[in-house]
Amino acid sequence: MASSRMMQTLIHLLKCNIGTGLLGLPLAIKNAGLLVGPVSLLAIGVLTVHCMVILLNCAQHLSQRLQKTFVNYGEATMYSLETCPNTWLRTHAVWGRYTVSFLLVITQLGFCSVYFMFMADNLQQMVEEAHVTSNICQPREILTLTPILDIRFYMLIILPFLILLVFIQNLKVLSVFSTLANITTLGSMALIFEYIMQGIPYPSNLPLMANWKTFLLFFGTAIFTFEGVGMVLPLKNQMKHPQQFSFVLYLGMSIVIILYILLGTLGYMKFGSDTQASITLNLPNCWLYQSVKLMYSIGIFFTYALQFHVPAEIIIPFAISQVSESWALFVDLSVRSALVCLTCVSAILIPRLDLVISLVGSVSSSALALIIPALLEIIIFYSEDMSCVTIAKDIMISILGLLGCIFGTYQALYELTQPISHSMANSTGLL
């Protein structure tokens with residue numbers, strides 16, 4: 001029974017980290033360079049896992065000190081500030097929880113917005129190329145098809161189905177959808193790898209190192225791709241033997257990092273300068289690989305509900321507490337609908353998959369995955385004879401996260417303000 005619970009936790013951990021960001025990794029490697037990209041991806045992966053471990057240790061230390069069974073990310077931030085030496089921070093400790101909750105909402109809704117764009121991009125390509133799709137799988141030709149319908153129209157088609165999906169609040173039903181998402185994702189990943197490993201050209205003309213401006217976009221995408229930081233505490237809490245979670249975390253994240261590096265590097269080597277914002281958009285125009293887009297899109301559709309669960313759990317209880325019980329259900333469903341519409345509107349306003357991934361990663365994922373865990377360790381353990389090496393390490397991680405956040409956000413916003421035709425070669429907005 002314990003091993004099946006461990007396996008279940010491992011599958012959830014993999015699902016949390018394998019989303020749309022994974023498919024954007026070949027473009028991310030292109031933005032960093034064939035040598036710098038994989039090395040930097042490995043470094044960011046190791047750093048992210050280290051910060052996950054820091055977060056788990058901080059939460060465990062606080063729960064023992066406060067004699068609680070479990071503390072979530074926001075509570076860990078609040079309780080650590082309540083015990084720190086600075087008076088101002090102690091009196092404003094609750095803002096620590098608000099900040100983490102706000103960043104989690106922004107990150108998760110950002111993921112959901114990216115899911116909208118991803119599904120619309122792939123749906124558009126499938127529908128509008130249906131009449132030229134063949135049974136013979138040949139490398140994708142650059143098709144100059146005039147879009148029949150605007151990409152935004154496809155987003156509006158998906159919208160009502162997603163609203164109905166998020167009305168499902170039973171986690172057991174959602175776990176069935178999670179299993180479906182796992183099966184479709186696994187099938188499509190196998191077919192993607194099967195294709196990109198065939199006849200990879202010698203990468204002599206691909207740069208080992210790209211320029212620093214595109215590297216900043218790489219940083220945002222890489223941080224975005226490690227989507228699971230907000231889920232490590234809930235996943236540990238649901239285990240029958242939480243002390244086994246460290247093994248699950250290291251095993252799961254090792255698989256994730258190897259998968260990321262392989263897909264990103266092989267994908268870039270295969271498609272070179274033609275690499276698109278999502279690798280599915282590079283696949284051959286035949287029914288077999290169109291089915292990959294369909295399968296992955298179905299997987300992402302169901303994953304939307306799981307990612308949506310986090311902001312819903314933060315926002316909805318607060319909204320319901322403001323009204324009488326008779327209005328509770330109406331408010332619940334209205335807030336869910338409004339949040340889905342918000343992710344749709346943001347996708348419609350900025351239909352640039354690669355840049356939105358980089359922006360969300362730079363703004364909030366870097367704070368949640370790198371900056372806050374490192375600062376928490378200093379605040380919680382400083383009074384307990386913390387070594388100078390650990391303090392220096394945590395300060396370095398926080399500074400790295402902050403610099404990545406500032407410069408990555410600036411570069412992504414700058415790219416978004418550029419007209420598509422004048423934007424850099426790495427941007428692949430499907431308009």
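So which residues in the stretch 55-68 are surrounded by fewer than 22 Cβ atoms within 10 Å (Cβ to Cβ) and either under 22 Å from Leu14 (Cα atoms) or without any contact (Cβ under 8 Å) to a residue 60 or more places away in the chain (or both), if there are any at all? Result: Leu56, Asn57, Gln60, Ser63, Gln64, Arg65, Leu66, Gln67, Lys68.
Can you tell me which residue among Ile395, Ile357, Ile391 is under 19 Å from Ser40 (Cβ atoms), aliphatic (A, V, I, L, M) and touching a helix residue (DSSP H, G or I) at 6+ places or on another chain (Cβ under 9 Å)? I'd like the intermediate steps shown before the answer.
Details: Ile395 fails: under 19 Å from Ser40 (Cβ atoms); Ile391 fails: under 19 Å from Ser40 (Cβ atoms).
None of the others qualify; the one that does is Ile357.
Can you tell me which residue is nearest to Ser337 (Cα to Cα) among those in the stretch 153-168 that are touching a helix residue (DSSP H, G or I) at 6+ places or on another chain (Cβ under 9 Å) and open to solvent by 80 Å² or more (accessible area, probe 1.4 Å)? That would be Phe161.
Does the stretch 200-214 hold any residues that are surrounded by fewer than 17 Cβ atoms within 10 Å (Cβ to Cβ) and assigned to a loop (DSSP other than H, G, I, E, B), and which are they? Break it down stepwise before answering.
Let us first name the residues in the stretch 200-214 that are surrounded by fewer than 17 Cβ atoms within 10 Å (Cβ to Cβ), namely 200-205, 207-209, 211-213.
The answer is Ile200, Pro201, Tyr202, Pro207, Leu208, Met209, Asn211.
Table: residues versus (1) within 22 Å of the chain's Cα centre (by Cα); (2) surrounded by 22 or more Cβ atoms within 10 Å (Cβ to Cβ); (3) assigned to a helix (DSSP H, G or I).
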position: Leu216; (1), (2), (3): yes, yes, yes
position: Ile261; (1), (2), (3): yes, no, yes
position: Tyr268; (1), (2), (3): yes, yes, yes
position: Gly272; (1), (2), (3): no, no, yes
position: Thr280; (1), (2), (3): yes, yes, yes
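Any idea which of Val248, Val256 is farther than 21 Å from Arg352 by Cα, buried (at least 20 other Cβ atoms within 10 Å of the Cβ), more than 18 Å from the chain's Cα centre (by Cα) and touching a residue at least 24 places away in the same chain (Cβ under 8 Å)? Outline the logic, then answer.
Values: Val256 fails: more than 18 Å from the chain's Cα centre (by Cα).
Criteria check complete, one pass: Val248.
Give me a count of the residues in the stretch 64-83 that are of a type in the set (S, T, N, Q), within 21 Å of Leu104 (Cα to Cα) and modelled with pLDDT of 85 or more. Can you show your working first?
Going through the stretch 64-83, the residues of a type in the set (S, T, N, Q) turn out to be 64, 67, 69, 72, 77, 80, 83.
Next, only the ones that are within 21 Å of Leu104 (Cα to Cα) stay: 72, 77, 80.
From what's left, modelled with pLDDT of 85 or more: 77, 80.
Of the residues in the stretch 64-83, 2 are of a type in the set (S, T, N, Q), within 21 Å of Leu104 (Cα to Cα) and modelled with pLDDT of 85 or more.
Is one or more of the residues making up the stretch 339-350 open to solvent by less than 10 Å² (accessible area, probe 1.4 Å), touching an Asp or Glu at 6+ places or on another chain (Cβ under 8 Å) and either modelled with pLDDT of 90 or more or under 30 Å from Leu149 (Cα atoms) (or both)? Among the residues of the stretch 339-350, not one is open to solvent by less than 10 Å² (accessible area, probe 1.4 Å), touching an Asp or Glu at 6+ places or on another chain (Cβ under 8 Å) and either modelled with pLDDT of 90 or more or under 30 Å from Leu149 (Cα atoms) (or both), which makes the answer no.
Considering the stretch 37-49 alone, what residues qualify as being more than 17 Å from Thr275 (Cα to Cα) and either in contact (Cβ under 8 Å) with a residue 40 or more places away in the chain or touching an Asp or Glu at 6+ places or on another chain (Cβ under 9 Å) (or both)?
Within the stretch 37-49, Ser40, Leu41, Leu42, Ile44, Gly45, Val46, Leu47, Thr48, Val49 qualify.
Note on the stretch 282-301: among residues that are buried (at least 20 other Cβ atoms within 10 Å of the Cβ) and aromatic (Phe, Trp, Tyr), the one that is farthest from the chain's Cα centre (by Cα) is Tyr289. Would it be correct to say that Leu251 is of a type outside the set (S, T, N, Q) and either closer than 21 Å to Cys405 by Cα or at pLDDT 85 or above (or both)? Criteria met by Leu251. For Ala367, state whether it is small (Gly, Ala, Ser), open to solvent by less than 30 Å² (accessible area, probe 1.4 Å), in a helix (DSSP H, G or I) and without any contact (Cβ under 8 Å) to a residue 12 or more places away in the chain. No; evaluated as a whole, the condition is false for this residue. When the criteria are applied in full, Ser4 fails the requirement of being hydroxyl-bearing (Ser, Thr, Tyr) and either in contact (Cβ under 8 Å) with a residue 60 or more places away in the chain or open to solvent by less than 20 Å² (accessible area, probe 1.4 Å) (or both). Scanning the stretch 126-150 for residues that are loosely packed, with under 10 Cβ neighbours inside 10 Å and at pLDDT below 70 yields Gln138, Glu141, Ile142, Thr144, Thr146. When each of Ile223, Ile258 is tested for being modelled with pLDDT of 75 or more and touching a Ser or Thr at 6+ places or on another chain (Cβ under 9 Å), the lone residue that passes is Ile223. Considered as a group, the residues in the stretch 70-97 that are outside any helix (DSSP H, G or I) and free of Cβ contacts under 8 Å to residues at least 24 places away in the same chain include one that is least open to solvent (accessible area, probe 1.4 Å), and that residue is Ala93.
The values are calculated or read from the model by the stated rules, or taken from the named source; none is laboratory data. In this text, all values refer to a predicted model and were calculated from it rather than measured experimentally. Cβ coordinates were reconstructed from backbone atoms using ideal geometry, including for glycine residues, and neighbour counts include every protein chain displayed. Accessible surface areas use protein heavy atoms only, side chains included; no ligands, DNA or RNA. Shrake-Rupley method; radii C 1.70, N 1.55, O 1.52, S 1.80 Å.
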